[in-house]
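Let me begin by presenting the structure, written as structure tokens, before commenting on it.
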Amino acid sequence: MASSRDQKCYLCGNDLFDPINRDHVPPRRFFAPEIRKQFAVQLITLPTHAACNERWRLDEEYFVHTLLPFARGSISGDALWRDGIARFTRGENVPLANQVLKEFQHVVGGVILPANRVAKRIDPDRAHDVIYKIARGLHYHHHGEILPPLWNCHFTITPPGEPPPEVFTVLTDANLLNSRGSYQGVFAYSFHKFPEMNDLHVWAMLLWDRIIVTLIFHDPACKCEDCTFIGPVLPHSGV
Ligand SMILES: [Zn+2]
Ligand SMILES: [Zn+2]
């Protein structure tokens, strides 16, 4: 029996109508083919308009490519890296791979420059869209609530070997990280809402056991000055 929550597309918030397909949370692309085969991976899927789902496809592709060099060093990261090389060899995504190579020109002689300088080279808008989409999908999966398509978020991406951001250590020190996810060697996540801070949402994700991603945003019902000023911003409102 379809629940009422399945009648809406979590990406745009509107009623579902054909063509519909199922969006994977996190993106299926996070899993190398050999990992998918080995673990018979069953991801969370959510019904979406095919067009809405398609809107994120290239950003997800970019996101994986741009983080691939940092994913190496774990089982799932190495598998993804091998898959990336194989795709490149087959001539897939050559322009994207070249773009990403340019972004990583500052990786000199195997020494990676500090995280804040690395992060600047990652397209922040595209990274934001992918990270926030994952959080929206998981939030919908757990709570049945659709977060606004556009919302003011702060995120960090920390490559291996760099100190985690303060928000992350605050969570771990307070024992608030409750790691979830069926394949945590590929993708683990945790979220916490702080009622004493206007229901601030704080998320932490671990990608390929290598890269820490944090995401902070105010609750959609927040009435603080920033939120009433900024949002909710509706899609196609020209912002
Ligand atoms: Zn939609
Ligand atoms: Zn607010």
Relative contact order computed over the range 4-225 (Cα-Cα under 8 Å; 6+ residues apart), in percent: 20 percent
Alpha-carbon Rg with Dmax, taken over the range 126-239, Å: 14.3, 42
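Over the range 131-188, with the other protein chains present, what is the accessible area per residue in square angstrom, probe 1.4 angstrom? Mind dumping the intermediate values first?
Values: 2670 Å² over 58 residues.
For the range 131-188, the solvent-accessible area averages 46 Å² per residue.
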Burial order of peptide ranges 153-162, 217-226 (average beta-carbon count within 10 Å, highest first): 153-162, 217-226
Size of charge dipole - the range 4-225 - debye, nearest 20, with Cβ of Lys, Arg +1 and Asp, Glu -1, no other charges: 600 debye
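So for each of 76-88, 173-185, 130-142 I average, over its residues, the number of other beta carbons within 10 Å; can you give me the resulting order with the highest mean first? Mind showing how you got there, number by number?
On the way: 76-88: 18.3, 173-185: 12.7, 130-142: 20.1.
Most protected by this proxy first, the peptides run 130-142, 76-88, 173-185.
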Largest to smallest accessible area among V64, V94 [probe 1.4 Å]: V94, V64
The range 4-225 - Rg and Dmax from Cα coordinates, angstrom: 17.5, 55
Unit charges on C-beta of K, R, D, E only; dipole of the range 3-60, Debye: 200 debye
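The values are calculated or read from the model by the stated rules, or taken from the named source; none is laboratory data. What you see is a predicted model; the values in this text were computed from it and never measured. When we count neighbours, we look across all protein chains shown, and the Cβ atoms used for this are built from the backbone with ideal geometry, even at glycine. Accessible surface is based on the protein model in full, side chains and every heavy atom, while ligands, DNA and RNA are left aside. Shrake-Rupley method; radii C 1.70, N 1.55, O 1.52, S 1.80 Å.
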